[in-house]
Structures are given as C-alpha cells and as structure tokens.
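Below is one structure, written out as structure tokens; comments come after it.
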Amino acid sequence: MRLLKRDDTGAISLTEDIIGDRIPRYAILSHRWGMEEVTFKDLMDGTGPSRQGYDKIRFCSDQAERDGLDHFWVDTCCIDKSSSAELTEAINSMFQWYRNAAKCYVYLDDVSKPALQTGDEPNYQPWEPDLRRSKWFTRGWTLQELLAPASVEFFSREGARLGTKRSLELPISEITGIPLKVLRGSPLLDCSVPERMAWAESRQTTRDEDKAYSLLGIFDVQMPLIYGEGKEKAFKRLQEEIDKARKGKLALSILTIIKSLTYPGIQHEDFSVTFSLSGVPEIEHFVAREQELAEMRETLNSDGSRRVVVLHGLGGIGKTQLAIAYAKRHKGSYSAMFWLNIKDENSLKQSFSMMLKRILRKHPSASHLSSVDTENLDEVIDAVKAWLSLPSNTRWLLIYDNYDNPKLPSNKDPAALDIDNFLPESYQGSVIITTRSSQVTIGHPIRIRKMENVLDSIEILSNASNRRELIHSNLYYNQGKLKEAEEMYQRALQGYEKALGPDHTSTLDTVNNLGLLYSDQGKLKEAKEMYQRALQGYEKTLGPDYTSTLDIVNNLGVLYSDQSKLKEAEKMYQRALGLGLLYKNQGKLKKAEKMYKRVLQGYEKTLGPDHTSILDTVNNLGLLYFDQGKLKEAKEIYQRALQGYEKALSPDYTLTLDIINNLGVLYSD
C-alpha cells in the first residue's frame, strides 16, 4: 500500500510501498472523479500541484493533520494504474484499505454549506436537499467507501464538516436503501446476496466492468480483472466467486456440525469466555461520557478486523471507569473480554497468566494452551496471543489499562514497555488502551477531558460518598414528604459515618438536616438530640465561632423557644448574633441581614417585642441597613429601636442616646 505523507513544513510526498504491520494510521479520501485529477505519474514528475484536482489532496492533508494523522490515501494518485498487476491488487484490496482507515473523508463537490442566516431554526440544514441529490450516492465505487470504514465524515465543497455516517444515518439510509443496522456496523454477511446487489443496482461506473469489480469487497471475494470482457461476463464471474465462497462457508458449517455429532464429548470451540471484572478497580456508579462511549462504539464496530481505541488524559480523570462502562454496556457484542494491567512488565505478565486460567476454565482442552508451562510467563504470553490469533477467534476485546510508561523515542526509561510486543499478531479483535500519554498513536485516540456538562458533574457528585441519598432526602424534604426524607437522611447518615467518621462535616451536615426535619415533624426531643450532637461535632471539628457552628446555635434557639425554654433560647440567640457580626465584618452584608432577621424573629417569639435583647438586635440591623445604603429601612429600624428603648429604659439611657445619634448620622446623609 502506497500512502501520501505530509511533513512538518506541509509538503506532501508519496511513500514507498508499505506492507502489513508497518502500515501507519492513515486517513482515506472518498470522492467523485472530476476534471484534472492528479495521477501517480503527475506526482512523480512534479506537475501534481498545478492540476485542479490537487485541491482535494490538499483538503485531505489538512483534515488529516487536524485529526493527528500524518499519512493519507487518495485513489487517483496512490495507485500506479499503468501497472495492471498493481491495479488488480489495489482493487482486490480496496475494501480492506477503506476498512482499516482511521478516518474516511467524503468530499462532496456538489454540496455547499452556507452560513446560517438570522431567523433560521437551530436544526435547519440548508444543505440537506443538496446532500440527497449528490451524485456521490450514484457512483459504484462509493458504496464500499461508505460501508467499509468505521469512521466516515462528510464535507462540503468548501471543506466544511456536514456530519458523520452515524449522525446522518437517516437521510443516508433513505437515499441508499441500506438498513440502519448495516450503516451502524452490522456484518454485511448478515444481509442476503440479492439485498446487497440491490444497493448497487442503480449505481453507475465509468467502465462497465467496474460495476462488478466495485462489489468484490461487499461480497468478500477476489478475482482477476479483465477489462474489455464486458459487464455481463464480469458479473458472471463475480457470481461464480460468490457461489464458491458460500459453498465453502456452508461446507465448513456442515463439517463443524458433523464433528460435534461424531465427537459429542468435544464441542467445536466457540471461543466464549465468561465476562468478569474481578480485580478491576470499579466504582459503584458511572455517569455520563455518552459522547465518548458512542465514539468508542463507532470505532470498535468491526466485522472481525483489528480495531483499537486509545483513551488518553490526565491521571484520575476517568479513563479506566470509561473502559469499564464500555465493557459492561457492550459485553454481549464480544465472545470474550480480558483486562490487562500494563503499568509495568510484571503486572502485565500476571494479567496474561490470569487470562490463561480463565480460558482454560472454560475450554480445558483448548489447543495451544492445555500443555503450556504456566510457570514460564513468556510461554504463557505466546500461547495466549496464538489463541487470540486463531482464524475464527475474532470477537474478543482486550483492555490494556494504565499504559503510562510507553516505549517512545522521547522516553529513555529502560522499564518502558512496547505494547506491540504484547498484542496478538493477527489483525483481528478489538483493543482499548488507557494511558496518560498523548503520544500513543497505534489506534483511534480519544482525549478524556474534564466534565463540561454541569448536570453530569452534579450527577457524579450525587453518586459519591452517599450523596445520592442526601440529594433524594433534600428533594423529599422540599416536597413535604417528611417520612421519605427521614428515611433517606438516615441512610445517608449511616453511609457517611461508615465512610468518613462521626465528626466529618458531611456527617454533621446530615445530622443537622435530621434535626430540622424532626423539628418540622414536631419531634422536639429527637431534634434537640440531633442539634446538640451537631453542635458538639462542629465545635470540636471547626471551632465555636465557625458559621456552621453558629447556624446550629440558632437552630437550637428556635427549638428552645418552641419548648418555652426561654432562658436557654435567649442564650442561644445571643450566641447566634455572633454569626451576624461575623458576616458583617467579612463584608457579607446580605448574609448578615438574613442572620439578624432570624435572631430577631426568635427573640420576638421568645421574649416579646420590647425586650432589650431584641432592641439590641434591631439596632444592629439598622446599622447593617445603613452600611448597605438602605437608608429608608435603616430609618424605620432606628425609630423602632428608639421607641422601644424609651419605653423600656428611659429617654436619657445611654442605649437610647446611641440610637438618637445613629438617627442623626442618618438624617445628615
């Protein structure tokens, strides 16, 4: 396979012919041939950049660079069509080349994407009618270019992205008649020969024979090309190859059945291994990351050929849990899943040893495995890799977790690992790799970032350390469902006590919430116990003057007032005033106002409207209003305090005179 490569300066050149595992990750172009396409000869003699078709090559190069790919393939110039042998090999390999591409870019030269105009609906796509009329959907070769790759992206003639095969699946299905399940990656072999033929029936090719040749990959057959034989003969040979392939598969199926009937004690090996995440560090709940899960599914959808996803990002950001979530969600799609810890060589070898035991537990007579020396870990690895490379064993998933010390030119650590040495040799199966390094480039990279969706972040918090119960408790409480709220608070409290201890602030917050709940239920004895426990805990953990401590003090004041324990209530309110003063000194004037009002309401209920303690609080509230510039409210409060002091004390009492002074300052402003 010959590729185009873009260097650091943006220059584009052809590579030598690359074979097998040496083929790097690459993008591939799908398009309609137009005027002045760039050929292999044009690139060789240097005239390519002057031709009109070079714009598409430049587009593919630029898009590949944006996707982190240095190599790409374009059919017009990567095949030397003057060589019939190379052309035959290329056409027989074309489906595989498109299937193995990291990205397929569909360039639609007859679709334009104008900018949205003011007043357009958010989901309005002015280019969709042009998409439905695009001639790309009428060409023979583009059928396999649509179906073979896992990742297909559509672009307008301006190079603007229109969507993906998945996001545009409904119009694509309507245009082509291809079922959604096929567009989503269902094996083509699940569709009948007539059904697949129908997809190509109305498509056209420039050369008659190509209408048959373009279907070789769709039917997974190969045959030599004989241009000039005509369409009828080409289709006759295609049908013969299809029949031979079907007979071969039928014969293999019959042979399998005969073996299972002849030797009932030895069943045909189905390669299935029981799903297990034993020993994997799994959290109880996993939330969101739906976009990443969908991208993983789209990339790993396979007809058996190798698919690799690399999850890279900062430590602790959720790569491992994302891999677990994928494994649990899609376990039915794989015959076997294996988890390997690749943080160092010893851990990885032990993981292979565990793999061998799991395989032999399900398949005790498995070839290549039953006679392995389990003490020789290198032999174990080779045997397991060989089992994973068996021709029919293509539906497994390997998850290499913690590949944080990869062997790279920039990594001089002698303990660095080369993951290629621990991958099965055959190009089949699915692989997920988690790593902190963005330089691991052997698969489709997905960068795991911090949560950007606020709702997802809240949901994650609700799952951590019993906060789900706490959120449910608050919800029930706000709805007036006090019995249900009490049950959820108790559950949350038990969880916090077990996980964090009795004096952790999260535990004490829940104790306070229970106190409020009991108070609302009229269970004053239970409420007092909760408040006192919370108060003692806060005083011990935070100190006597912390805001949370003083909040509890105020709650106790309200409770004592409800119990007509006026002396205790007054004591609590006097202490709670400290919180108002604290907020005021911190410049948190709204919080201070709220606290003063709470204490004032408590005093009025407990001591009556003219008690001197109440008047002190009224005066403090007046000072606060003055500091906030609320002069009208300050005047009203000062006048109330003045009337109260004159009645309770005397006009000449110092506190009375302080109020008169405050009013004087207010009037002067």
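The values are calculated or read from the model by the stated rules, or taken from the named source; none is laboratory data. The model shown is predicted, which means the values in this text are computed figures rather than measured ones. Heads up, the Cβs are rebuilt from the backbone with ideal geometry, glycines too, and the neighbour counts pull from every protein chain shown.
Looking only at residues of the range 412-442 that are among the small types (Gly, Ala, Ser) and buried (at least 21 other Cβ atoms within 10 Å of the Cβ), we find that the one that is nearest to the chain's Cα centre (by Cα) is Ser430. Per this entry, Ser156 is not counted among residues that are polar (S, T, N, Q), in contact (Cβ under 8 Å) with a residue 24 or more places away in the chain, under 22 Å from Asn100 (Cβ atoms) and in contact with a helix residue (DSSP H, G or I) (Cβ under 9 Å, 6 or more places away or on another chain). Every test in (1) under 35 Å from the mean Cα position of the chain (by Cα); (2) farther than 21 Å from Ser305 by Cα; (3) surrounded by fewer than 19 Cβ atoms within 10 Å (Cβ to Cβ); (4) at pLDDT 85 or above is passed by Asp382 save one, and that test is (2). Being part of a loop (DSSP other than H, G, I, E, B) and either among the hydrophobic types (A, V, I, L, M, F, W, C) or in contact (Cβ under 8 Å) with a residue 60 or more places away in the chain (or both) is the filter here, so list the residues in the range 188-219 that pass it. If the condition is that a residue be part of a loop (DSSP other than H, G, I, E, B) and either among the hydrophobic types (A, V, I, L, M, F, W, C) or in contact (Cβ under 8 Å) with a residue 60 or more places away in the chain (or both), then Cys191, Ser202, Arg203, Thr205, Thr206, Ser214, Leu215, Leu216, Gly217, Ile218, Phe219 are the ones that fit.
Every condition in (1) touching a helix residue (DSSP H, G or I) at 6+ places or on another chain (Cβ under 9 Å); (2) in a helix (DSSP H, G or I); (3) exposed (fewer than 14 other Cβ atoms within 10 Å of the Cβ) holds for Ser353 except the one numbered (3).
Applying the criterion of being within 11 Å of the chain's Cα centre (by Cα) and assigned to a helix (DSSP H, G or I) to the residues of the range 307-329, the residue that is surrounded by the fewest Cβ atoms within 10 Å (Cβ to Cβ) is Gln321. What are the residues in the range 135-151 that are aliphatic (A, V, I, L, M) and not in a loop (DSSP other than H, G, I, E, B), if any? Listed by number, the residues that qualify are Leu143, Leu146, Leu147.
With respect to (1) closer than 25 Å to Thr138 by Cα; (2) touching a Leu at 6+ places or on another chain (Cβ under 9 Å); (3) among the hydrophobic types (A, V, I, L, M, F, W, C), the lone exception for Met44 is condition (1). Just a yes or no: is a residue in the range 103-113 modelled with pLDDT under 90 and either within 15 Å of Ile28 (Cα to Cα) or not assigned by TED's automatic domain parsing to the domain that holds Glu209 (or both)? For the range 103-113, residues modelled with pLDDT under 90 and either within 15 Å of Ile28 (Cα to Cα) or not assigned by TED's automatic domain parsing to the domain that holds Glu209 (or both): present.
Whether any residue in the range 416-427 is assigned by TED's automatic domain parsing to the domain that holds His312 and in a strand (DSSP E or B) is what I want to check. Checking the range 416-427: at least one residue is assigned by TED's automatic domain parsing to the domain that holds His312 and in a strand (DSSP E or B). Among residues of the range 44-64 that are in contact (Cβ under 8 Å) with a residue 12 or more places away in the chain, those with a beta-carbon under 7 Å from a residue that is among the charged types (D, E, K, R) and assigned to a helix (DSSP H, G or I) at least six positions away or on a different chain give the pairs Gly48/Asp42; Arg51/Asp42. Among the residues making up the range 21-31, a single one is modelled with pLDDT of 95 or more and part of a loop (DSSP other than H, G, I, E, B): His31. Number of residues in the range 51-99 that are surrounded by fewer than 21 Cβ atoms within 10 Å (Cβ to Cβ), within 36 Å of the chain's Cα centre (by Cα) and polar (S, T, N, Q) equals 3. Residues in the range 220-232 that are outside any loop (DSSP other than H, G, I, E, B) and surrounded by fewer than 14 Cβ atoms within 10 Å (Cβ to Cβ): Glu232 only. Taking the range 514-542 as the range and being surrounded by fewer than 22 Cβ atoms within 10 Å (Cβ to Cβ), in contact with a Ser or Thr (Cβ under 7 Å, 6 or more places away or on another chain) and not hydroxyl-bearing (Ser, Thr, Tyr) as the test, the residues that pass are Glu539, Leu542.
Run down Asn341, Asn346, Asn402 and say which single residue is in the same structural domain as Gly443 (by TED's automatic domain parsing), over 26 Å from Met296 (Cα atoms) and at pLDDT 90 or above. Break it down stepwise before answering.
Working: Asn341 fails: over 26 Å from Met296 (Cα atoms); Asn402 fails: over 26 Å from Met296 (Cα atoms).
Being in the same structural domain as Gly443 (by TED's automatic domain parsing), over 26 Å from Met296 (Cα atoms) and at pLDDT 90 or above holds for just one of Asn341, Asn346, Asn402, which is Asn346.
So is Gly34 surrounded by fewer than 20 Cβ atoms within 10 Å (Cβ to Cβ) and on the phi > 0 side of the Ramachandran plot or not? So Gly34 fails the test.
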